[in-house]
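Heads up, the thing below is written out as structure tokens.
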Amino acid sequence: MAKIIGMNGDTAVAYAVKQADVDVIAAYPITPQTIIVEKLSEFVNNGELNAAYVPVESEHSALSACVGASLAGARVFTATASQGLALMYEILYIASSLRTTIVMALGNRALSAPINIHCSHDDAYAARDAGWIELFAENVQEAYDLTFQAFRIAEDKNVLFPAIVNLDGFILTHSLEGVQVFEDEDIPKFLPPKEPVNPIDPERPISYGPLDLFDYYIEHKKQQAEAFKASYPHILKVFEEFEEFSGRTYRPLKTLGMEDAEVAVIILGSAAGTVRDVVRKLRKKGEKVGVVSLTLYRPFPQKELAEVLSGVKAVAVMDRSYSYGSPGAQLFMDIAATLINVRDKPLLFNVIYGLGGRDLKPEHVVQVFERAKKAAREGEVPEKEVWVGVRE
């Protein structure tokens, strides 16, 4: 039986990690995720969570400790943001290629300079090529729910890859929301105790991460690539099982109005709610507009996106980040690559918004839809890159 507790996003994640009965936590505090690890340290200190809490000197050390603990068979958690993830970067690739099952909460924050502690998706995108499952929460409830699903996905013997739960810095990490939480005794029905796969054992030595030069490296990378692609149906199965367990539905994509949309917006994270509200209002006026938001970012839901965008004339892809010198920002490039061989593809343009925590206002979304409708009418995109909410 679920109960409702008022929690901010950081506290909700920490509460889920406690209920997941993790064995090891290694983390270094950084705004806006600090509350997560502070709360977990309290749980451990108070005897509410029987786990090893490892205070480390840096985020690089935190993720290194998590790698060792995961290979030893432990259920492992860490959290970071922005520069913290940048300092972990070397170990991100090691954690995935060694097939660890670490779960990380990422309080999305802009990378410096100038120094900013508010939301951009720079850190989420920085991890996109590292071989981690990536999930995006749109609200505090989803941050709580996706934490359980991340453990279940990562530890699935058909997956065995680390996972990141993204929650927008301050917008979600520090916002109070009524969260439906599970009773502790119900958690094992969805998330049973971890069953280690080939844990480190002095009696049965195994080599992890040995020197691997041109004679075998590419074969091993291809195996990793195939295993990551093969994780997709198992992620979908976890979503379905979580729905049976909780009554709350999770899918790779959320859509509104896409059944007959002529123009659409694609977006990640908390701003999806703002776009959705605008779509509802525009559709009441008879406008054929729609929105797609992604819960699952890696592996990328290519087939579902191609299907849902079929028949759409123009699409605005909204990025809360920027990729300097590239043909577009990160989500835009993902969508463009997804549609490249589709026969009747929509026109695409890239919208840069919300950097450093700048609000995405409903009027900004209306402007984006007006641009999309104009592109659909005229059959061309005059500006492929558009910035909204910027003082000129």
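Please work out which one of (1) polar (S, T, N, Q); (2) within 23 Å of residue 167 (Cα to Cα); (3) surrounded by fewer than 16 Cβ atoms within 10 Å (Cβ to Cβ) is the condition residue 293 fails and give its number.
Here residue 293 clears every test but (3).
Checking the structure you have, find out if any residue of segment 235-251 is touching a strand residue (DSSP E or B) at 6+ places or on another chain (Cβ under 9 Å), within 26 Å of residue 350 (Cβ to Cβ) and either at pLDDT 95 or above or not assigned by TED's automatic domain parsing to the domain that holds residue 184 (or both).
Scanning segment 235-251, I find at least one residue that is touching a strand residue (DSSP E or B) at 6+ places or on another chain (Cβ under 9 Å), within 26 Å of residue 350 (Cβ to Cβ) and either at pLDDT 95 or above or not assigned by TED's automatic domain parsing to the domain that holds residue 184 (or both), so the answer is yes.
The rows are residues; the columns are (1) surrounded by fewer than 17 Cβ atoms within 10 Å (Cβ to Cβ); (2) in the same structural domain as residue 128 (by TED's automatic domain parsing); (3) among the aliphatic types (A, V, I, L, M).
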site	(1), (2), (3)
70	no, yes, no
74	no, yes, yes
81	no, yes, yes
89	yes, yes, no
92	no, yes, yes
108	no, yes, no
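From 98, 63, 135, which residue is in the same structural domain as residue 34 (by TED's automatic domain parsing), closer than 18 Å to residue 171 by Cβ and modelled with pLDDT of 95 or more?
Among 98, 63, 135, only 135 is in the same structural domain as residue 34 (by TED's automatic domain parsing), closer than 18 Å to residue 171 by Cβ and modelled with pLDDT of 95 or more.
Would you confirm, using the coordinates I've provided, whether residue 178 is under 30 Å from residue 32 (Cβ atoms) and surrounded by fewer than 16 Cβ atoms within 10 Å (Cβ to Cβ)?
Details: under 30 Å from residue 32 (Cβ atoms): yes; surrounded by fewer than 16 Cβ atoms within 10 Å (Cβ to Cβ): yes.
Here the answer is yes, as residue 178 does meet what is asked.
Among the residues of segment 219-250, what is the count of those that are aliphatic (A, V, I, L, M) and either loosely packed, with under 15 Cβ neighbours inside 10 Å or over 17 Å from the mean Cα position of the chain (by Cα) (or both)?
Taking segment 219-250 as the starting set, the residues that turn out to be aliphatic (A, V, I, L, M) are 225, 227, 230, 235-236, 238.
Applying the additional criterion that residues be either loosely packed, with under 15 Cβ neighbours inside 10 Å or over 17 Å from the mean Cα position of the chain (by Cα) (or both) yields 225, 227, 230.
Going through segment 219-250 one residue at a time, the tally reaches 3.
If you check residue 15 against the conditions, is it among the aromatic types (Phe, Trp, Tyr), closer than 21 Å to residue 144 by Cα and in a strand (DSSP E or B)? Even if it seems obvious, please write down each step before you answer.
On the way: among the aromatic types (Phe, Trp, Tyr): yes; closer than 21 Å to residue 144 by Cα: yes; in a strand (DSSP E or B): no.
No, not satisfied.
Looking at the structure I just gave you, is residue 359 acidic (Asp, Glu) and modelled with pLDDT of 95 or more?
Values: acidic (Asp, Glu): yes; modelled with pLDDT of 95 or more: yes.
Yes, satisfied.
Hand me the list of strands (runs of 3 or more DSSP E) wholly inside segment 85-181 holding 2 or more residues that are closer than 30 Å to residue 223 by Cα and in contact with a strand residue (DSSP E or B) (Cβ under 7 Å, 6 or more places away or on another chain). Spell out the reasoning first.
Numbers: elements: 103-108, 133-136, 163-168, 176-181.
Answer list for segment 85-181: 103-108, 133-136, 163-168.
When you go through (1) within 24 Å of residue 128 (Cα to Cα); (2) touching a residue at least 12 places away in the same chain (Cβ under 8 Å) one by one for residue 225, which number turns out not to apply?
Every condition holds for residue 225 apart from (2).
Take the residues of segment 253-267 that are within 25 Å of the chain's Cα centre (by Cα) and small (Gly, Ala, Ser): which is surrounded by the most Cβ atoms within 10 Å (Cβ to Cβ)?
Here the answer is 264.
Suppose the filter is assigned to a loop (DSSP other than H, G, I, E, B) and either in contact with a helix residue (DSSP H, G or I) (Cβ under 7 Å, 6 or more places away or on another chain) or closer than 20 Å to residue 181 by Cβ (or both); does residue 21 pass it? Write out each step before concluding.
Numbers: assigned to a loop (DSSP other than H, G, I, E, B): yes; either in contact with a helix residue (DSSP H, G or I) (Cβ under 7 Å, 6 or more places away or on another chain) or closer than 20 Å to residue 181 by Cβ (or both): yes.
Yes: the conditions hold for residue 21.
Exposed (fewer than 14 other Cβ atoms within 10 Å of the Cβ), of a type outside the set (A, V, I, L, M, F, W, C) and modelled with pLDDT of 95 or more - does that describe any residue in segment 197-204?
No: segment 197-204 contains no residue that is exposed (fewer than 14 other Cβ atoms within 10 Å of the Cβ), of a type outside the set (A, V, I, L, M, F, W, C) and modelled with pLDDT of 95 or more.
Would it be correct to say that residue 381 is β-branched (Val, Ile, Thr), buried (at least 18 other Cβ atoms within 10 Å of the Cβ), outside any helix (DSSP H, G or I) and touching a Phe, Trp or Tyr at 6+ places or on another chain (Cβ under 7 Å)?
Numbers: β-branched (Val, Ile, Thr): yes; buried (at least 18 other Cβ atoms within 10 Å of the Cβ): yes; outside any helix (DSSP H, G or I): yes; touching a Phe, Trp or Tyr at 6+ places or on another chain (Cβ under 7 Å): yes.
Answer is yes for this residue.
Tell me, please, whether a residue that is at positive phi and touching a Lys or Arg at 6+ places or on another chain (Cβ under 6 Å) can be found in segment 73-93. Explain how you work it out, then say what you get.
Narrowing segment 73-93 to residues at positive phi: 73, 82.
Then drop every residue that is not touching a Lys or Arg at 6+ places or on another chain (Cβ under 6 Å), which leaves 82.
Yes, that holds for at least one residue.
Scan segment 31-53 for residues that are touching a strand residue (DSSP E or B) at 6+ places or on another chain (Cβ under 7 Å), assigned to a loop (DSSP other than H, G, I, E, B) and touching a residue at least 60 places away in the same chain (Cβ under 8 Å) and report the count.
2
The values are calculated or read from the model by the stated rules, or taken from the named source; none is laboratory data. Quick caveat: nothing in here was measured; it's all calculated off a predicted structure. Please note: Cβ atoms are built from the backbone with ideal geometry, for glycine as well, and neighbour counts cover all protein chains shown.
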